[in-house]
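The values are calculated or read from the model by the stated rules, or taken from the named source; none is laboratory data. Not measured: the values here are computed from a predicted model. Neighbour counts run over all protein chains shown; Cβ positions are idealised from the backbone, glycine included.
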């Protein structure tokens, strides 16, 4: 077994609470890729145990500050705590969906486990989670209160490149379902909603589970309103709005497959007469609508991540500013813009400034003063995507509900 000794700076970082050890903060030591290693201070005292990466700039991800080596019981309790957190939030209905394990936020670095009814989708983003996948999978199955019929490994995210790992997609248990996987989403104050998931080819693990509560919140403003859902994907912002009584909903996305799922979801929920899908590139389509002088009561802007690294932040901020300028130009006076960012490199303060800059530039060119924008609610991800207080990197999703004046 290897071991890691950190520098003084690395020790100070750990003592301040952050669980990551960067390669520059390692004084000596080595291990096998993905190995669980003891971590020591410069003078030799134990600092805990962590998962080692031989390739990533994040050399070690601490999992415990105890000198005792984690065993099966340790990992079983980690998995059990993650599942119980979701159960406590009412997210373990057999027909429902949720994120069961959220990697570092649940103390299991590198591993994401999403559940869609009785199908699990796993994503490994690191050497350690690759090495431990079969073991952790067994623990998840042991803890869950119902049977799972199939498990898909969709370990294909770009973060694997930083770990020296190739993408991998394979069915670990069962096989590809021959029928559409359907999920029921409901809860206090929520209309019952049924939607289909393409776990093999859809975005992420098949769906955007982190927006569950924000979709329900946006729907509260939709009764009797005209709603424009931009970057709609499979349309759950749109369908939630229709279920809440929106008079008309138009959903925009450039994916034909997503549009087909959206229309099927609308049909399954009995709102096909009020939900229309238009295939288009969102930014181009918004520009056209602004030029045509359209006006909407509610505009939802839920784009993919604009910044996947710190180097891309400046360009992302310009993108958010322009996107929100167009969205706020389209909303009627007193209307609502629901604007989201899932770029974890763009923090809340930076995103808020992009909203303000977009509002100032919104409206017809002759109105140099722009439009008033008041954030009435600012939320994050649903509770199955917890934020680890001492790891700000787990706080990625921002969703602003903005009232737009004249």
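Conditions: (1) more than 25 Å from the chain's Cα centre (by Cα); (2) at positive phi; (3) not in a strand (DSSP E or B). Residue 9 meets all but one. Number of the miss?
(2)
Determine whether segment 219-227 contains at least one residue that is more than 16 Å from residue 242 (Cβ to Cβ), in contact with a helix residue (DSSP H, G or I) (Cβ under 8 Å, 6 or more places away or on another chain), in contact (Cβ under 8 Å) with a residue 12 or more places away in the chain and not in a loop (DSSP other than H, G, I, E, B).
no
If you check 229, 273, which single one turns out to be surrounded by 16 or more Cβ atoms within 10 Å (Cβ to Cβ) and modelled with pLDDT of 95 or more? Explain how you work it out, then say what you get.
On the way: 273 fails: surrounded by 16 or more Cβ atoms within 10 Å (Cβ to Cβ).
From the options 229, 273, the qualifying one is 229.
To keep it simple, each residue is scored yes or no on (1) farther than 22 Å from residue 204 by Cβ; (2) in a helix (DSSP H, G or I); (3) in contact with a helix residue (DSSP H, G or I) (Cβ under 7 Å, 6 or more places away or on another chain).
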| position | (1), (2), (3) |
| --- | --- |
| 324 | yes, yes, yes |
| 334 | yes, no, no |
| 351 | no, yes, yes |
| 383 | no, no, no |
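Look at segment 284-296 and say how many of its residues are in contact with a helix residue (DSSP H, G or I) (Cβ under 9 Å, 6 or more places away or on another chain), surrounded by fewer than 16 Cβ atoms within 10 Å (Cβ to Cβ) and assigned to a helix (DSSP H, G or I).
1
Just give me the residues in segment 158-175 being on the phi < 0 side of the Ramachandran plot and out of contact with any strand residue (DSSP E or B) (no Cβ under 8 Å at 6 or more places or on another chain), in sequence order.
Once the filter is applied, which keeps residues that are on the phi < 0 side of the Ramachandran plot and out of contact with any strand residue (DSSP E or B) (no Cβ under 8 Å at 6 or more places or on another chain), segment 158-175 yields 158, 159, 161, 162, 163, 166.
Could we say that residue 32 is within 22 Å of residue 160 (Cα to Cα) and in a loop (DSSP other than H, G, I, E, B) here?
Yes; evaluated as a whole, the condition is true for this residue.
From 110, 50, 29, grab the single residue that is over 24 Å from the mean Cα position of the chain (by Cα) and either at pLDDT below 95 or on the phi > 0 side of the Ramachandran plot (or both).
Answer to the selection: 29.
Restricting attention to segment 246-269, which residues are farther than 16 Å from residue 222 by Cβ, in a loop (DSSP other than H, G, I, E, B) and out of contact with any helix residue (DSSP H, G or I) (no Cβ under 8 Å at 6 or more places or on another chain)?
255
Just to check your reading of the model, which residue among 372, 393 is within 22 Å of residue 308 (Cα to Cα) and either at pLDDT below 95 or not assigned by TED's automatic domain parsing to the domain that holds residue 293 (or both)?
None of the other options fit; the residue is 393.
Within segment 151-202, which residues are in a strand (DSSP E or B), touching a residue at least 12 places away in the same chain (Cβ under 8 Å) and more than 21 Å from the chain's Cα centre (by Cα)?
Correct list: 170, 171, 172, 173, 191.
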